[in-house]
Amino acid sequence: MCGIVGYIGENDSKEILLKGLEKLEYRGYDSAGIAVRNGSGITVFKEKGRIADLRAIVEEDVFGTTGIGHTRWATHGKPNRVNAHPHQNGNERFTLVHNGVIENYHHIQRDYLADVPMESDTDTEIIVQLIGKFVEEGMTTEEAFSKTLGLLKGSYAIALLDAEEEETIFVAKNKSPLLVGLGEGFNVVASDAMAMLQVTDKFLELMDKEIVIVRKEGVEILTLEGESINRQPFTAEIDMSDIEKGTYPHYMLKEIDEQPAVMRKIIQAYQDENDKLVIQPEILDALQEADRIHIIAAGTSYHAGLIGKEYLEKMAGIPVEVHVSSEFGYNMPLLSEKPLFIFISQSGETADSRQVLVKIKELGHTSLTITNVAGSTLSREADHTLLLYAGPEIAVASTKAYTAQLAVLSILAAVTAEARGIDLGFNLVQELGIVANAIQAQIDAKEEMEQIASEFLSTTRNCFFIGRVMDYFVGLEGALKLKEISYIQAEGFAGGELKHGTIALIEEGTPVIALATQEAVNLNIRGNVKEVAARGANPCIISMEGLQEAGDSLVLPKVHELLSPLVAVVPLQLISYFAALHRDCDVDKPRNLAKSVTVE
Ligand code: F6R
């Protein structure tokens, strides 16, 4: 949520900042701004809307070799120009951008800034006003910065400019991600390495509650007490082509199309030299020792967790509970003697999940993060990590990360099963290969999905997804995809549950997308379809080879039943994509959302 960039060097900073913000737009896109150190002082440009709107008001002739920038996802205060970052203190000496939420900003305002007029409705402004106030009282900027950080409660990634200290960007973070990028004669700051790959691939990881002084000739990392810290940089292994759209009209379509390749990459990544599936022995030990697994996740990752439970229970025989992370930390169930916590998160930054990780670590429990982002907060802070190898996912709606999560969870379950002496009765590598081909077949049949979207969803205001057993969980994901990008009200239901109330919403023509890929319940789900059809619904049945009946809208190629979610979700992703296109929605950047939800 919110993206930060900074540049200090010899070139004009404007274009580097704007390009960086464009790469961070996935983190928030309701308003944006940059501040550029410009000879005599600091010039701020900010605007409501996208980076393109900001770009349109940035004056070409403002030149400055130091600058900071921000793209916002509003938490405190409406998304408008005044609340957009950067913010400045009263005399405009200090200029600051912030990502995160300051939980005690009211208290700080009351206790320290009662006499200081505020311009915006944001929690951020108190930070810059407080630094300004401490400096007026006689502190140096570094002292004021450090004292202010010590007073803040909540999450932050901050970059600060001082009009009187030309050659410095002051930087700090707590819980929110922030990196410093290193160059020859320049250095940069970014919420995500992607933003600054345009100028460097060498980055320094920052830890919570450090003060970082960024100058063009070097970077100094200090503790809050002023002691110097030595840290080695790392090289970001991201290919520029992974983060460009290429010839695709939308990232979402590109990422849907990448799924077969991602499947193959995951199989390779988790195979040893004898083509045997392997995971790190310490992770296997953690699973072996656990008497119960708690999967913690949000949104699409939660939906992947529901299927992960099926894999771990049905393949490896370990009991699993799946929890929405925003609830779990505040309403913890009774825990068993030796639980293992598995955090599933594409970004590895989701604050709701992190608050659980912090709590269960305090309780002394073991944790494993399954994430797409190496070095992300949830990965760094958990005991173990399994990577998804899906490549950067830029579209806000998660697609390839979801199927990658399912594939990695299936591998985790299969390897654990083997270690426990359980014979699965099938070869997972072979079956995942069949899945990759079946996904490709869906991708190659896009016109059919476009046809379904236009036949069932072009005018409707709502839509239901039904399924039983694992199809129910895939339906939940299908509904989330459709609602988040097309704004059609969509809900996923267990097929048998509709009749207990929700069936009252079925009207003449209501689209009901039913999944029928599970043999044991094929007759049941078809019975549920008849129930809604009898009340006027317009059913669209997606079945699997061997279970199909005349009149089904789509028949998926046969894959192992446990792995059918990996295939069944793909038409739902594509149908949602086309439904959103037909409605002229901004597919990659749906309203009110952000890719990385770093606030609770
Ligand atoms: C929906 C979507 C979200 C995320 C959720 C958790 O398409 O992407 O529901 O799944 O915000 O994010 P991660 O997986 O990064 O923890």
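What the table shows:
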read-out: Residue among Val474, Val435, Val429 that is within 15 Å of the ligand (Cβ to nearest atom), assigned to a helix (DSSP H, G or I), modelled with pLDDT of 95 or more and not polar (S, T, N, Q); value: Val474
read-out: Residues being touching a helix residue (DSSP H, G or I) at 6+ places or on another chain (Cβ under 7 Å), modelled with pLDDT of 95 or more and either closer than 22 Å to Ser155 by Cβ or buried (at least 22 other Cβ atoms within 10 Å of the Cβ) (or both) - total across the stretch 329-347; value: 6
read-out: Unique match (being modelled with pLDDT of 95 or more and touching a Pro at 6+ places or on another chain (Cβ under 8 Å)) among Ala286, Ala290, Ala297, Ala269; value: Ala290
read-out: Condition check for Ala534: within 16 Å of the ligand (Cβ to nearest atom), hydrophobic (A, V, I, L, M, F, W, C) and free of Cβ contacts under 8 Å to residues at least 40 places away in the same chain; value: no
read-out: Residues that are crowded, with 19+ Cβ neighbours inside 10 Å and basic (Lys, Arg), drawn from the stretch 550-600; value: Lys589, Lys595
read-out: Subset of the stretch 297-309 that is within 10 Å of the ligand (Cβ to nearest atom) and of a type in the set (A, V, I, L, M) - its residue that is surrounded by the fewest Cβ atoms within 10 Å (Cβ to Cβ); value: Ala298
read-out: Complete set of residues in the stretch 152-169 that are within 27 Å of the chain's Cα centre (by Cα) and in a strand (DSSP E or B); value: Gly154, Tyr156, Ala157, Ile158, Ala159, Leu160
read-out: Some residue of the stretch 546-561 being in a helix (DSSP H, G or I) and more than 16 Å from the ligand (Cβ to nearest atom); value: yes
read-out: Residue under evaluation Leu312, criteria (1) within 16 Å of the ligand (Cβ to nearest atom); (2) under 23 Å from Gly467 (Cβ atoms), criterion not met; value: (1)
read-out: Matching residues in the stretch 477-515 - criterion: being within 16 Å of the ligand (Cβ to nearest atom), hydroxyl-bearing (Ser, Thr, Tyr) and crowded, with 17+ Cβ neighbours inside 10 Å; value: Ser486
read-out: Single condition Asp275 does not satisfy, out of (1) away from the ligand (no atom under 16 Å from the Cβ); (2) farther than 19 Å from Leu357 by Cβ; (3) part of a helix (DSSP H, G or I); value: (3)
read-out: The lone exception for Ala382 - which of (1) more than 30 Å from Ser576 (Cβ to Cβ); (2) more than 15 Å from the ligand (Cβ to nearest atom); (3) aliphatic (A, V, I, L, M) it fails; value: (2)
read-out: Residue match in the stretch 135-146 (condition: within 25 Å of Leu21 (Cα to Cα) and outside any strand (DSSP E or B)); value: yes
read-out: Members of the stretch 146-187 found to be touching a Ser or Thr at 6+ places or on another chain (Cβ under 6 Å) and without any contact (Cβ under 8 Å) to a residue 24 or more places away in the chain, listed by number; value: Gly181
read-out: Filtered residues of the stretch 563-600 (kept if more than 14 Å from the ligand (Cβ to nearest atom) and polar (S, T, N, Q)); value: Ser564
read-out: Inter-residue pairs, beta-carbon under 6 Å, first farther than 28 Å from Lys589 by Cβ and in the stretch 395-416, second outside any helix (DSSP H, G or I) and within 13 Å of the ligand (Cβ to nearest atom), 6+ apart; value: none
read-out: Filtered residue count, the stretch 322-365, keeping only those that are within 14 Å of the ligand (Cβ to nearest atom) and in a loop (DSSP other than H, G, I, E, B); value: 5
read-out: Selection count where residues are in contact with a Ser or Thr (Cβ under 8 Å, 6 or more places away or on another chain) and of a type in the set (Val, Ile, Thr), scope the stretch 223-278; value: 3
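Quick grid of which residues meet (1) over 19 Å from Ser176 (Cα atoms); (2) in the same structural domain as Val128 (by TED's automatic domain parsing); (3) outside any loop (DSSP other than H, G, I, E, B); (4) not aromatic (Phe, Trp, Tyr):
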site	(1), (2), (3), (4)
Glu10	yes, yes, no, yes
Ile16	yes, yes, yes, yes
Gly20	no, yes, yes, yes
Ala35	yes, yes, yes, yes
Leu54	yes, yes, yes, yes
Val62	yes, yes, no, yes
Pro79	yes, yes, no, yes
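The values are calculated or read from the model by the stated rules, or taken from the named source; none is laboratory data. Since we're looking at a predicted model, the values are computed, not measured. Glycine also receives a Cβ, built like all others from the backbone with ideal geometry; neighbour counts cover every protein chain displayed.
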